[in-house]
Amino acid sequence: MSSEQNPRTDGAAPAEEPGDRPARLTAAAALAGLEGLALVAGGVWMLVGGLTGHPDDRTQAVTGGVTLIVLALLPLLAARGLLARRGWSRGPAVITQIMALPVAYNLLQADSMAIPGGIALAAVAVAALVLLVNPETTRALGIRGPGRPPR
């Protein structure tokens, strides 16, 4: 008999259906999206400061702002793909996290207010990597390991 005919009375949650998105996948998408939004915010801040303020080098400030906004596309597209359960999206999401780790390290080496930012970035990157390589996430994205037959 199906679980619809015999609902559980023990309070346990039903097993995930093949069409359900695992919580780990949703969390990984949220972290990637958060990183993308942070890059957009930093890029806009640099761009506005470069255009309206008095930077040492206006061209460098504007270029840096535009670069951050363009770089934000990678984690934002990855987050969208993860939410849609697209297998291709794990690669850009993992690359984003790997790129974030050296940035976090450099922030941690600073003697300034950048240290808390480095801690937060490192924590988000490591958490997202753990979520992205989780077997449950891999199955939900339809990614099969080497030597495994297609389903």
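Residues of region 128-149 being under 18 Å from residue 75 (Cα atoms) and open to solvent by 80 Å² or more (accessible area, probe 1.4 Å), which ones?
Within region 128-149, 130, 133 qualify.
Is it the case that region 41-62 has a residue that's open to solvent by 60 Å² or more (accessible area, probe 1.4 Å) and under 10 Å from the mean Cα position of the chain (by Cα)?
The answer is no, given that none of the residues of region 41-62 is open to solvent by 60 Å² or more (accessible area, probe 1.4 Å) and under 10 Å from the mean Cα position of the chain (by Cα).
Can we say residue 115 is more than 11 Å from the chain's Cα centre (by Cα), modelled with pLDDT under 95 and of a type in the set (A, V, I, L, M, F, W, C)?
Yes: the conditions hold for residue 115.
Tell me which residues, restricted to region 82-127, are in contact with a Lys or Arg (Cβ under 8 Å, 6 or more places away or on another chain) and crowded, with 18+ Cβ neighbours inside 10 Å.
82, 89, listed by residue number.
Residue pairs, Cβ under 8 Å, 6 or more apart or interchain, first in region 25-40 and closer than 10 Å to residue 79 by Cβ, second open to solvent by less than 20 Å² (accessible area, probe 1.4 Å) and outside any helix (DSSP H, G or I). List them.
Here the result reads 36/72; 37/72, each pair linking region 25-40 to a residue that is open to solvent by less than 20 Å² (accessible area, probe 1.4 Å) and outside any helix (DSSP H, G or I).
Going by the conditions given, is residue 91 over 14 Å from residue 36 (Cα atoms) and more than 12 Å from the chain's Cα centre (by Cα)?
No: the conditions fail for residue 91.
Any residue in region 51-63 that's assigned to a loop (DSSP other than H, G, I, E, B): show its pairings with residues that are open to solvent by less than 100 Å² (accessible area, probe 1.4 Å) at Cβ separation under 7 Å, as long as the two are six or more apart or on different chains.
Going by the 7 Å Cβ cut-off, the qualifying pairs are 55/49; 55/61.
The values are calculated or read from the model by the stated rules, or taken from the named source; none is laboratory data. None of the values given here were measured: they were computed from a predicted structure. Quick reminder, even Gly has a Cβ in these numbers, built from the backbone with ideal geometry, and neighbours come from all protein chains shown. Only protein heavy atoms, including side chains, enter the accessible area calculation; ligands, DNA and RNA are left aside. Shrake-Rupley method; radii C 1.70, N 1.55, O 1.52, S 1.80 Å.
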